[in-house]
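K.L.:
Below is one structure. I have some questions about it.
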Amino acid sequence: MLSKIIFHIYALKERIFRSLFIRDSFWALTGNTLGSGLSLIAGIFVARYLGKDIYGEYGIIKNTIISLSIFSTFGLGYTSTKYVAEYKETRPEFLDLIIRYSKFISLTVSGLVALSLFIFAKTLSEQILDAPHLYKSIRVVSVWVVIRSLTTTQIGVMAGFGQFKKMAYIEGIVGVLTFTLSILFTYEWGLLGALFALLIAQIINLILNYQVVLKLKPKSKALTNNIPILKDIISFSAPIALQEITYSVMSWILHLMLIKITNYGELGLFSAAMQWNALILFIPGVLRNVLLSHLSSNSNNDITHNRILKNALLINFIATFIPVLVIYFFSNFIIHIYGNSFIDLRKVLQVSVFSTMFISLSNVYSQAYLSKGKSWLMFYIRFFRDFGMIALGYILLTYSKTLGGAISLAYSQLVASIFFLCVMAIIYKNIRQFSKT
């Protein structure tokens, strides 16, 4: 009996070590564990030092920049992963062209967005954010839109080539840099210093990624142009870009709505809770490119495709369920780390962390949809999810007399995440059944 157990354990170990998906996932997680952990600690320091009101201002600026950079990437983070993963073996002559097209589109769109943000920073801060003093900070970090957009595209290319070990190394360096600069700069220059720290870390990230991508580009003579490939990339990216635009706009509206109906302090509480959500979701987030790369490579092999999907669902569930329980039961300890101004964070944190379990499982289905070319269907589903979250958030913020502003948004996010996962799972099951008939 014992010998059989030992044999099965040994066989399982061999199967795990032979799995390219598991190996790539390991490297992706290694770098991001260090990077995300240090970023969280730095974020706690920034929140504690600035206080919840100024941290709310930091949160709206950061959310604005991230939302615009997500939009200006035009979906090319996922598109470049899918096309590079598919073409690196079958049509390698197109790889250089795919990389160049992706970089050109990302640079063009993000450049126009950053320029618009710089020009209209004063209008944005005065008439929309009700914080005229923030316009200089917004202008200073407007270039962050371009840097982050190009970085996202580079990460997509590296994921398509399966360079997860190098990505882990870079993520670790950027995490250490973000941690160090955030503490030093925030202590010295406050809000502006915290923003500068993020900007400098992102620039270093861009440079390190560029060096890796440069070495990955094919050495053979590249094609000068190919209109059908460009149209194909744009056609695939368009619905992904629309998804990201919708998510960015809805997320920004959610934060703006919280400011208008309540105050920056409530946004500070919500932003602090989202830090812990980001920590829980870092494993599912890291695995998204790994998963898309492997699902795209096996898009025509249903058995392997479905096995990868099931394994990813199990990994994501375990990776979120355990930290959710830990954070829930240690929430009292966590709020004391932030300081006295975050005393109301406990309930917001306890509600918001549960939404991460449903978001992480939804991310798996999102990559499965993309690998099957169902990007338009993904757009429609996500649009109704985001719109529903805004509507429910507005109702709770406006008509609830007992709930606070931050916890109202936490509840709306939880309900929308549960509904979104159910819809995605049901539709994907029907798609599989339809494809077999």
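K.L.:
Looking only at region 148-196, count how many residues are of a type in the set (Asp, Glu) and in contact with a Gly (Cβ under 7 Å, 6 or more places away or on another chain).
P.N.:
The total comes to 1.
K.L.:
Within region 327-353, work out how many residues are under 23 Å from VAL46 (Cα atoms), open to solvent by 70 Å² or more (accessible area, probe 1.4 Å) and without any contact (Cβ under 8 Å) to a residue 60 or more places away in the chain.
P.N.:
Result for region 327-353: 8.
K.L.:
Only residues that are aliphatic (A, V, I, L, M), at pLDDT 75 or above and open to solvent by less than 40 Å² (accessible area, probe 1.4 Å): list them for region 209-228, please.
P.N.:
VAL212, VAL213, LEU216, listed by residue number.
K.L.:
Scan region 115-143 for residues that are in a helix (DSSP H, G or I), open to solvent by 10 Å² or more (accessible area, probe 1.4 Å) and among the hydrophobic types (A, V, I, L, M, F, W, C) and report the count.
P.N.:
7
K.L.:
Continuing with the same structure: Scanning region 256-275 for residues that are among the β-branched types (Val, Ile, Thr) and more than 17 Å from VAL351 (Cβ to Cβ), which turns out surrounded by the fewest Cβ atoms within 10 Å (Cβ to Cβ)?
P.N.:
Going through the qualifying residues, I end up with ILE261.
K.L.:
Would you check if LEU392 is under 22 Å from ALA272 (Cβ atoms), buried (at least 17 other Cβ atoms within 10 Å of the Cβ) and touching a Gly at 6+ places or on another chain (Cβ under 8 Å)?
P.N.:
Taking the combined requirement at face value, the residue does not satisfy it.
K.L.:
Would you pick out the residues in region 178-194 that are open to solvent by less than 50 Å² (accessible area, probe 1.4 Å), under 28 Å from ALA159 (Cα atoms) and among the hydrophobic types (A, V, I, L, M, F, W, C)?
P.N.:
LEU181
The values are calculated or read from the model by the stated rules, or taken from the named source; none is laboratory data. This is a predicted model, so every value here is computed, not measured. Here the Cβ is made from the backbone with ideal geometry for all residues, glycine too, and neighbour counts use every protein chain on show. The protein model used for the area step is the full one, side chains on, heavy atoms only, and it has no ligands, DNA or RNA in it. Shrake-Rupley method; radii C 1.70, N 1.55, O 1.52, S 1.80 Å.
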